[in-house]
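**Student:** Quick one: structure below, then a few questions.
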Amino acid sequence: MDLPTPDPDLPHLADVVPSVLAAMGVAGFEGPILLPDGVAGACVLLVDGLGADLLDTYAADAPVLAGLRGQTLQVGFPSTTVAGLAAIGTGCRSGEHGMVGLSFRLPAAGVVNALGWRPDPTGRDLREKLPPEQLQPMPTTFQRAAATGIAVSIISGAQFVGSGLTRAVLRGGRYVGVHALGDLAACVQSAVADGGFCYGYHSELDLLGHVYGPGSPAWRMQLRQVDRLVESIVEGLPRGALLAVVADHGMVAIDPSEIVDIDACEPLLDGVDAIGGEPRARHVYVADGAADSVLAAWRETLAQRAWVVSRDEAISAGWFGDRVGDDARFRIGDVVAAARGTAGIVRWTVEPRLSALVGQHGSLTDSEQRVPLILAHG
């Protein structure tokens with residue numbers, strides 16, 4: 001099988017924060033992405049779902065972003081928010097930070113949804129039973145930067161204060177909860193003007209892409225608002241400051257004719273103990289002795305709709321980065337299925353809301369993997 005592999009010529013999303021901090025002269029950080037030295041105040045702003053292909057296609061709706069567009073980054077596998085935010089927060093690939101999907105298996109807990117920090121697909125909050133700082137114990141880039149004495153701020157939705165994912169991968173800075181584009185822009189401007197470092201997050205472009213599809217009229221209207229947000233921040237950048245805009249993944253619109261419903265397909269359930277991930281990137285956990293038969297059944301059933309590999313094959317192909325820790329290895333499915341083209345591997349019975357979304361992401365296509373790096377200097 002001809003498997004996709006990481007592009008050695010493209011920097012990774014995980015390289016962005018260390019590179020910005022290195023440009024600020026913060027001790028202990030190196031810059032895989034070359035940026036001018038002497039930066040005084042910086043923000044890494046993550047626009048959820050802003051894929052490079054999407055920005056290039058709809059550049060007319062985002063002239064500021066398109067005009068500042070620099071090199072292209074890759075986000076790694078899976079191309080989803082949990083892994084992307086962890087890459088930003090730890091400076092590592094998914095095989096190291098261990099946040100290997102929207103949902104994944106944990107010892108004594110089963111499959112857990114890392115966005116909601118609850119059992120998948122439903123259940124009570126697990127923050128007490130599964131402390132996020134233990135599930136992802138690696139020091140974050142924000143903790144390391146703050147330890148040097150620099151002011152670090154995390155500027156994101158007020159609803160995410162103290163969430164499991166926030167505690168797991170974004171801990172270490174002062175959390176500033178915001179409510180809309182206006183206070184997001186104002187708080188970023190204030191943090192940068194004071195000479196500190198901040199991470200900002202905007203989620204609504206991704207939300208509208210899921211609901212209406214990437215490139216839909218609603219999505220394009222939101223892209224215009226994001227462009228105005230960035231323009232407002234750029235206009236207020238003091239001399240020597242830096243704004244770096246990135247994304248955690250791109251997105252594709254699922255073709256209804258290319259959907260496979262796991263819950264209605266017995267060959268995809270035989271020998272399977274549990275299923276994690278999402279419609280474009282599935283972790284399949286198998287019963288003892290069933291690994292070979294499950295792998296064969298998923299390959300035959302999905303055929304050209306997905307790359308279907310064993311855990312070892314996925315790791316060897318570099319999907320999770322060059323280094324894969326023991327915790328991450330356990331969380332990766334015995335079988336991993338990454339959707340091709342515009343296919344979706346859904347669960348209409350178990351995951352009806354997730355399965356109904358028009359826009360999806362998680363896999364290894366360029367549309368999902370490649371995101372823009374947008375740089376503005378004061």
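The values are calculated or read from the model by the stated rules, or taken from the named source; none is laboratory data. Quantities reported herein were computed from a predicted structural model and do not represent experimental measurements. Because the Cβ atoms are built from the backbone with ideal geometry, glycine has one as well, and the counts that use them run over all protein chains shown. In case anyone asks, the SASA skips ligands and DNA or RNA and just uses the protein heavy atoms, side chains included. Shrake-Rupley method; radii C 1.70, N 1.55, O 1.52, S 1.80 Å.
**Student:** In region 164-196, which residues are part of a helix (DSSP H, G or I) and of a type in the set (A, V, I, L, M)?
**Tutor:** The answer is Leu165, Ala168, Val169, Leu181, Leu184, Ala185, Ala186, Val188, Ala191, Val192, Ala193.
**Student:** In region 271-282, which residues are of a type outside the set (A, V, I, L, M, F, W, C), in a strand (DSSP E or B) and touching a Gly at 6+ places or on another chain (Cβ under 8 Å)?
**Tutor:** Scanning region 271-282 gives Gly276, Gly277, Glu278, Arg282.
**Student:** To continue, here is another question. Could you list, in sequence order, the residues of region 161-175 that are under 19 Å from Val112 (Cα atoms) and of a type in the set (Lys, Arg)?
**Tutor:** Scanning region 161-175 gives a single hit, Arg167.
**Student:** Another question, if that's okay. Find the residue count for region 292-314, including only residues that are among the aliphatic types (A, V, I, L, M) and either open to solvent by 30 Å² or more (accessible area, probe 1.4 Å) or modelled with pLDDT under 95 (or both).
**Tutor:** Total meeting the criteria: 2.
**Student:** So, in region 147-163, exactly how many residues are in a helix (DSSP H, G or I) and either open to solvent by 40 Å² or more (accessible area, probe 1.4 Å) or under 19 Å from Glu96 (Cβ atoms) (or both)?
**Tutor:** Final tally of qualifying residues: 3.
**Student:** Looking only at region 209-218, decide whether some residue is under 13 Å from Leu242 (Cβ atoms), open to solvent by less than 50 Å² (accessible area, probe 1.4 Å) and not in a helix (DSSP H, G or I).
**Tutor:** No, the conditions are met nowhere in region 209-218.
**Student:** Also, quick follow-up: Return yes or no: is Leu65 touching an Asp or Glu at 6+ places or on another chain (Cβ under 6 Å) and of a type in the set (A, V, I, L, M, F, W, C)?
**Tutor:** Yes, satisfied.
**Student:** For Tyr199, state whether it is among the hydroxyl-bearing types (Ser, Thr, Tyr), farther than 30 Å from Ser153 by Cα, open to solvent by less than 20 Å² (accessible area, probe 1.4 Å) and part of a strand (DSSP E or B).
**Tutor:** No, not satisfied.
**Student:** I need the helices (runs of 4 or more DSSP H) fully contained in region 283-364, keeping only those with at least 2 residues that are under 22 Å from the mean Cα position of the chain (by Cα).
**Tutor:** Qualifying helices (runs of 4 or more DSSP H): 311-316, 326-331, 352-355.
**Student:** Could you please find all residues in region 232-259 being touching a Pro at 6+ places or on another chain (Cβ under 9 Å) and over 27 Å from Leu181 (Cβ atoms)?
**Tutor:** Within region 232-259, Ile254, Ile259 meet the criteria.
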